[in-house]
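Data block below; observations after.
The values are calculated or read from the model by the stated rules, or taken from the named source; none is laboratory data. Computed from a predicted model, the values in this text were never measured in an experiment. Heads up, the Cβs are rebuilt from the backbone with ideal geometry, glycines too, and the neighbour counts pull from every protein chain shown.
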Amino acid sequence: MPTTCRSITTLPIARRQLLAGAAALGAVAAGAAMALPLPAFAATTLRVGYIPIIPMTQLYVLTGEGWAKDAGLTLQTTGFQSGPAMIQALASGTLDVAYVGIGPAMIARSKGVKLKVVAANVIDQVALIGGGPLAKAMAGAASPAEGIKAFRAAHGRLPKIGSLPAGSVPDTVLRYWMAEVAHIGADEVEIVGMGEQPLQQALLTGAIDGASILEPILTLVQSRLQDAAIIAKAGTMFPKQPGAVLAVTEDAIANNRAAVADLVKLHIRATAFAKSNPDRTAELVTEIIGKGLVERDVMRAALTSDATTFVDDPRVILDSTKRMQAFQQTLGQITEPVDVDALFDLSFHDAAVGK
């Protein structure tokens, strides 16, 4: 087993993978994770890439509860800092499965990576949070555009808004909100792309004025900065915004269709579990992406916030994915649009729920 992977049956993952309060700093350093013994029975192995963030909660549940092992699946996992980094791994053929944002999944498909979205994870996961000065300017204004102008007048500079790298869902949602909802010009805000750990630290230290980001950063920052506030709620920035998805390569489907079907079934089961068991889910998520870094009560609050709406049916995000791609084309992020209907494979979810 490669040293950058662990058997999924033996989570938690090495702490160096953890993002402070949210997700991993980057891909697992070579040699950081020791390969553990595989189950005695002959298990089907799938190589899984993921970004250790809340929208991948289904993965943490189905592994933390031991369901993958019970189903005869060994999932060798590798953590990544961002979606674009995972696209490179998908393109190189080193992954079978990706827990990744829909934005990077579309970009990967547009670059010739043959993969299918077989399940959704969340919708409406991104909100805009502001530190004290920006939150104050926005709260006292008649509109978001006027709030930005008030900030510029008070501070003599553009507000710095952090997000994940260009092409990510949080970045796309921010740009959509500015252009289509708030009517804020692209030259009126300085958008700074970075990984989640530095973004959180930048928010806490005031190095950036706000961020278009997801949980648990939204809850954690508000718990530590009393003057921080949500400027634009999840769901209002890009209505029914598609978020993270479960994507599988076409090769994996061809070679291990039964294993993919089992994984989708477990994913659906984990979605229901996360909705109905917030306390246990908070334990599992904290163990994997926040151990020693995020208090369990903060994680539970993040898991039940407006910015965490778990889903599994890929049809829920089909239309909004088409809207997102159309907008990404205007940004030049997708020069060759993909057939979104062809990107989605609904058969696994339909079979799992008896459609």
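Within the stretch 45-68, the set of residues being assigned to a loop (DSSP other than H, G, I, E, B) and either in contact with a Phe, Trp or Tyr (Cβ under 6 Å, 6 or more places away or on another chain) or in the same structural domain as residue 164 (by TED's automatic domain parsing) (or both) comprises just one member, 51. Scan the stretch 253-262 and tell me whether some residue there is in contact with a Phe, Trp or Tyr (Cβ under 8 Å, 6 or more places away or on another chain), within 22 Å of residue 47 (Cβ to Cβ), among the aliphatic types (A, V, I, L, M) and touching a residue at least 24 places away in the same chain (Cβ under 8 Å). Yes: the stretch 253-262 contains one or more residues that are in contact with a Phe, Trp or Tyr (Cβ under 8 Å, 6 or more places away or on another chain), within 22 Å of residue 47 (Cβ to Cβ), among the aliphatic types (A, V, I, L, M) and touching a residue at least 24 places away in the same chain (Cβ under 8 Å).
Give me the residue from the stretch 132-178 that is of a type in the set (A, V, I, L, M, F, W, C) and free of Cβ contacts under 8 Å to residues at least 12 places away in the same chain and, out of that set, surrounded by the most Cβ atoms within 10 Å (Cβ to Cβ). Here the residue is 178. Taking the conditions exactly as written (buried (at least 24 other Cβ atoms within 10 Å of the Cβ), of a type outside the set (Asp, Glu) and more than 21 Å from residue 274 (Cα to Cα)), does residue 108 satisfy them or not? Taking the combined requirement at face value, the residue satisfies it. Got at least one residue in the stretch 133-144 being within 30 Å of residue 322 (Cβ to Cβ), under 15 Å from the mean Cα position of the chain (by Cα) and not hydrophobic (A, V, I, L, M, F, W, C)? No; the residues of the stretch 133-144 include none that is within 30 Å of residue 322 (Cβ to Cβ), under 15 Å from the mean Cα position of the chain (by Cα) and not hydrophobic (A, V, I, L, M, F, W, C).
Can we say residue 191 is in contact (Cβ under 8 Å) with a residue 24 or more places away in the chain, surrounded by fewer than 20 Cβ atoms within 10 Å (Cβ to Cβ) and not assigned by TED's automatic domain parsing to the domain that holds residue 119? Explain how you work it out, then say what you get.
Details: in contact (Cβ under 8 Å) with a residue 24 or more places away in the chain: yes; surrounded by fewer than 20 Cβ atoms within 10 Å (Cβ to Cβ): yes; not assigned by TED's automatic domain parsing to the domain that holds residue 119: yes.
Considered against the rule, which asks whether it is in contact (Cβ under 8 Å) with a residue 24 or more places away in the chain, surrounded by fewer than 20 Cβ atoms within 10 Å (Cβ to Cβ) and not assigned by TED's automatic domain parsing to the domain that holds residue 119, residue 191 comes out as yes.
Kindly check whether there is at least one residue in the stretch 312-320 that is among the acidic types (Asp, Glu), assigned to a loop (DSSP other than H, G, I, E, B), assigned by TED's automatic domain parsing to the domain that holds residue 246 and without any contact (Cβ under 8 Å) to a residue 24 or more places away in the chain. Checked against the condition, which is being among the acidic types (Asp, Glu), assigned to a loop (DSSP other than H, G, I, E, B), assigned by TED's automatic domain parsing to the domain that holds residue 246 and without any contact (Cβ under 8 Å) to a residue 24 or more places away in the chain, the stretch 312-320 yields no hits at all.
So which residues in the stretch 230-250 are part of a loop (DSSP other than H, G, I, E, B), touching a strand residue (DSSP E or B) at 6+ places or on another chain (Cβ under 7 Å) and not hydrophobic (A, V, I, L, M, F, W, C), if there are any at all? So that I can check it myself, show each step before the final result.
Let us first name the residues in the stretch 230-250 that are part of a loop (DSSP other than H, G, I, E, B), namely 233-241, 243.
Imposing the further condition that a residue be touching a strand residue (DSSP E or B) at 6+ places or on another chain (Cβ under 7 Å) reduces the set to 233-234, 237, 240-241, 243.
The answer is 233, 240, 241, 243.
Annotation: residue 98 fulfils all but one of (1) of a type in the set (A, V, I, L, M, F, W, C); (2) surrounded by fewer than 24 Cβ atoms within 10 Å (Cβ to Cβ); (3) not in a helix (DSSP H, G or I); the unmet one is (2). With the condition kept exactly as written, say whether any residue in the stretch 69-83 is more than 22 Å from residue 254 (Cα to Cα), in the same structural domain as residue 256 (by TED's automatic domain parsing), in a helix (DSSP H, G or I) and aromatic (Phe, Trp, Tyr). No: the stretch 69-83 contains no residue that is more than 22 Å from residue 254 (Cα to Cα), in the same structural domain as residue 256 (by TED's automatic domain parsing), in a helix (DSSP H, G or I) and aromatic (Phe, Trp, Tyr). Considering the conditions (1) in the same structural domain as residue 312 (by TED's automatic domain parsing); (2) farther than 21 Å from residue 106 by Cα; (3) not small (Gly, Ala, Ser), residue 221 is excluded by exactly one of them, (1). Against the list (1) modelled with pLDDT under 75; (2) over 17 Å from the mean Cα position of the chain (by Cα); (3) assigned to a loop (DSSP other than H, G, I, E, B), the condition residue 19 fails is (2).
Here residue 204 clears all of (1) free of Cβ contacts under 8 Å to residues at least 24 places away in the same chain; (2) surrounded by fewer than 19 Cβ atoms within 10 Å (Cβ to Cβ); (3) in the same structural domain as residue 325 (by TED's automatic domain parsing); (4) of a type in the set (A, V, I, L, M, F, W, C) except the condition numbered (3). Taken over the stretch 321-341, the criterion of being outside any helix (DSSP H, G or I) and either hydroxyl-bearing (Ser, Thr, Tyr) or farther than 23 Å from residue 187 by Cβ (or both) is satisfied by 335, 336, 337, 338, 339.
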